[in-house]
């Protein structure tokens with residue numbers, strides 16, 4: 001479980017979009033839409049969301065405990081809520097609130113698919129005090145649509161990852177994660193890629209492992225895993241690359257070990273998935 005959890009946490013690929021600050025008057029509300037991941041951090045006041053229409057999970061940041069929840073839940077200052085965009089969610093305030101709203105693109109993966117559509121983290125400010133303190137100054141003035149100041153996107157990405165990491169950890173400790181791959185043939189393919197990410201995994205080879213035609217395999221894989229077979233191979237490779245870079249391996253060593261034809265090809269793939277160059281990822285890990 002420990003190795004699986006570490007791989008899962010390293011695999012979370014987040015790109016932030018717009019950041020907005022909202023001041024809700026008494027009785028005001030905001031709507032988190034479907035089809036997009038959205039983080040809401042509560043700077044002050046209170047907000048309430050109704051999860052009756054879909055499953056959610058609530059994580060207590062101080063203890064790390066997690067549980068499934070439905071119905072109305074109220075968040076207070078220092079709490080956070082993450083919608084993965086499975087359904088629209090309305091957040092309303094009885095007495096008024098100030099919130100920071102961050103949209104994001106989260107690469108589909110087995111990890112993300114295993115989580116409920118809504119994640120609430122109570123006591124987020126205690127879990128990530130530095131990020132929470134910075135959140136009070138995040139985002140442009142009301143009416144602007146994007147992160148404009150240097151550093152905002154880094155803080156936003158850190159907050160989103162922290163919320164997701166909290167949920168994955170809580171689910172792992174409760175025994176409800178990871179969700180198994182129901183299709184045993186696809187599970188065999190995923191296990192083979194995980195075991196040897198540097199292999200030259202062609203679609204023909206993967207389809208043969210699944211005992212399916214190319215077309216059927218590609219369709220069933222995307223439906224079950226949320227990404228194409230090639231995208232999944234890249235996801236596993238980048239996840240392994242992160243681990244090796246953090247352990248001190250050079251970019252060239254990692255590139256060769258994971259089957260890339262050139263260091264430049266590896267750099268492009270890594271940057272597309274993580275938003276940073278592999279050398280920067282390694283430098284941050286070494287100095288952290």
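The values are calculated or read from the model by the stated rules, or taken from the named source; none is laboratory data. Note that the coordinates shown come from a computational prediction; the quantities given were computed from them, not determined experimentally. Cβ coordinates were reconstructed from backbone atoms using ideal geometry, including for glycine residues, and neighbour counts include every protein chain displayed.
Assuming residue 245 fulfils every condition listed in (1) farther than 19 Å from residue 191 by Cα; (2) free of Cβ contacts under 8 Å to residues at least 24 places away in the same chain apart from one, which condition is it?
If we test residue 245 against (1) farther than 19 Å from residue 191 by Cα; (2) free of Cβ contacts under 8 Å to residues at least 24 places away in the same chain, just (2) comes out false.
Need at least 3 residues that are over 14 Å from residue 198 (Cβ atoms) per element, so show me which helices (runs of 4 or more DSSP H) inside the range 222-276 make the cut, counting only ones lying wholly within it. First the steps, then the outcome.
Details: elements: 229-246, 251-257, 263-274.
The helices (runs of 4 or more DSSP H) meeting that bar are 229-246, 263-274.
Looking at (1) out of contact with any helix residue (DSSP H, G or I) (no Cβ under 7 Å at 6 or more places or on another chain); (2) assigned to a loop (DSSP other than H, G, I, E, B); (3) at pLDDT below 80, which one does residue 95 not meet, given that it meets all the others?
Unmet condition: (3).
Of all strands (runs of 3 or more DSSP E) completely enclosed by the range 14-85, which ones contain at least 2 residues that are in contact with a helix residue (DSSP H, G or I) (Cβ under 9 Å, 6 or more places away or on another chain) and in the same structural domain as residue 99 (by TED's automatic domain parsing)? Explain how you work it out, then say what you get.
Numbers: elements: 14-24, 29-32, 37-50, 56-60, 65-69, 72-76, 80-83.
It comes to 14-24, 37-50, 56-60, 65-69, 80-83.
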